[in-house]
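Chemist: Quick one: the structure is below, and I'll ask about it shortly.
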Amino acid sequence: MAVRVLGIHSSPRKYGNSFKMLWIALEAARRAGAETAYINLYDLSIGPCFACYSDHFLNCRYPKDPSECPLRGRDDYSLVAEAVLRSDAVVFSTPIYWFMVSGVLKNLFDRMTSLENMIYHSGRSLVDGKVAGVLAAGEEAGASTALSWSVFTLINMGFHVPAWGTAYYHGRGDVLDDKQAVSDSYNVGLNVVRLVKVLRGEEIGNEPWYRFLSDDEYRSLVEEARKAAEEMKAKQRRDRPWLR
Ligand SMILES: Cc1cc2nc3c(=O)[nH]c(=O)nc-3n(C[C@H](O)[C@H](O)[C@H](O)COP(=O)(O)O)c2cc1C
């Protein structure tokens, strides 16, 4: 069965650097034979966690009876939760906002407590054994805080994060001009697929876990990623009419 990789993007700039990094990672996953899906959290409404857990640890569960849920099905969390549950691996991509992940991604992580907390109801976190990777784009600083916080949180939910499972870019330019950041993003996509296969007991050979891109591969990837970002930008002009 093909590996299913979900990309969760958490920037309002659907054509920006964190989008491009995610596109590269998902393309690497597709080239490794995976099926991919993409969600942008700004297309959805995911409210903050109501901390049912903190009243009593058994109050937090997924799915939750709507009559008990403070949000009463009024937001889109379950759409994302279901997409995560359908996936073998999830790649989260975030802009760095004040040295951290974006607020919408933090809200999602808080809400995903309901998946992890099933360990107290059924003996198993609903994301137990799934694989995750994380990408972060910022201008100057904060990637190491955002990425280390994300990885620490994800492994405490039950996800595995592979070798080279994070990538970042710091700069005011276009991430696609930075071969290191493009290669690192590529390896995130490749390695989440490889780790899912290892966990399934499939043979993956003995290649190193970090794969260097040839100049030709880099050029063609960047060309396709630029096209995808331009398409996203064209689509978003209606919502962001000031876009140049
Ligand atoms: C609210 C806000 C806070 C930001 N904080 C940081 C920061 O702490 N560190 C940083 O390097 N860049 C920061 N930036 C810059 C963004 O991370 C940067 O523009 C990034 O490219 C945005 O990603 P995107 O192109 O995927 O939208 C901030 C931007 C905004 C809007």
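Read the figures in this text as sums done on the coordinates, not as results from a lab. These figures come from a predicted structure and were not determined experimentally. FYI the Cβ positions are ideal-geometry reconstructions off the backbone, even for glycines, and counts take in every protein chain you see.
Chemist: Are any residues in the range 11-39 within 11 Å of the ligand (Cβ to nearest atom), surrounded by fewer than 24 Cβ atoms within 10 Å (Cβ to Cβ) and farther than 15 Å from Asp177 by Cβ, and if so, which ones?
Modeler: Matches in the range 11-39: Ser11, Pro12, Arg13, Lys14, Tyr15.
Chemist: Right, Val222: touching a residue at least 12 places away in the same chain (Cβ under 8 Å), touching a strand residue (DSSP E or B) at 6+ places or on another chain (Cβ under 8 Å) and surrounded by 14 or more Cβ atoms within 10 Å (Cβ to Cβ) or not?
Modeler: Details: touching a residue at least 12 places away in the same chain (Cβ under 8 Å): yes; touching a strand residue (DSSP E or B) at 6+ places or on another chain (Cβ under 8 Å): no; surrounded by 14 or more Cβ atoms within 10 Å (Cβ to Cβ): yes.
Here the answer is no, as Val222 does not meet what is asked.
Chemist: If you check Arg226, Arg124, Arg238, Arg172, which single one turns out to be farther than 30 Å from Trp98 by Cα and among the charged types (D, E, K, R)?
Modeler: On inspection, the qualifying residue turns out to be Arg124.
Chemist: Residues Ala83, Ala2: which one is in contact (Cβ under 8 Å) with a residue 12 or more places away in the chain, away from the ligand (no atom under 16 Å from the Cβ) and closer than 30 Å to Lys179 by Cβ?
Modeler: Numbers: Ala83 fails: closer than 30 Å to Lys179 by Cβ.
Just one listed residue meets the conditions, Ala2.
Chemist: Working only within the range 129-166, note down all residues that are of a type in the set (A, V, I, L, M) and either buried (at least 23 other Cβ atoms within 10 Å of the Cβ) or under 19 Å from Ser11 (Cα atoms) (or both).
Modeler: Once the filter is applied, which keeps residues that are of a type in the set (A, V, I, L, M) and either buried (at least 23 other Cβ atoms within 10 Å of the Cβ) or under 19 Å from Ser11 (Cα atoms) (or both), the range 129-166 yields Val131, Ala132, Val134, Leu135, Ala136, Ala137, Ala141, Ala143, Ala146, Leu147, Val151, Leu154.
Chemist: Still on this structure: Please tell me if Arg240 is more than 20 Å from Asp88 (Cβ to Cβ), surrounded by fewer than 22 Cβ atoms within 10 Å (Cβ to Cβ) and not hydrophobic (A, V, I, L, M, F, W, C).
Modeler: Against the criterion (more than 20 Å from Asp88 (Cβ to Cβ), surrounded by fewer than 22 Cβ atoms within 10 Å (Cβ to Cβ) and not hydrophobic (A, V, I, L, M, F, W, C)), Arg240 qualifies.
Chemist: Of all the residues that make up the range 186-226, how many are over 20 Å from Phe159 (Cβ atoms) and of a type outside the set (Ser, Thr, Tyr)?
Modeler: Number of matching residues: 18.
Chemist: When the residues of the range 1-26 are filtered to those that are part of a loop (DSSP other than H, G, I, E, B) and hydrophobic (A, V, I, L, M, F, W, C), which remaining residue is farthest from Lys227 (Cα to Cα)?
Modeler: Ranking the candidates gives Met1 first.
Chemist: Can you say whether Ile39 is under 30 Å from Arg200 (Cβ atoms), touching a Gly at 6+ places or on another chain (Cβ under 8 Å) and without any contact (Cβ under 8 Å) to a residue 60 or more places away in the chain, as far as the supplied structure shows?
Modeler: Numbers: under 30 Å from Arg200 (Cβ atoms): yes; touching a Gly at 6+ places or on another chain (Cβ under 8 Å): yes; without any contact (Cβ under 8 Å) to a residue 60 or more places away in the chain: yes.
Criteria met by Ile39.
Chemist: Residue by residue through the range 114-128, note down the ones that are crowded, with 20+ Cβ neighbours inside 10 Å and in contact (Cβ under 8 Å) with a residue 60 or more places away in the chain.
Modeler: Across the range 114-128, the qualifying residues are Asn117, Leu126.
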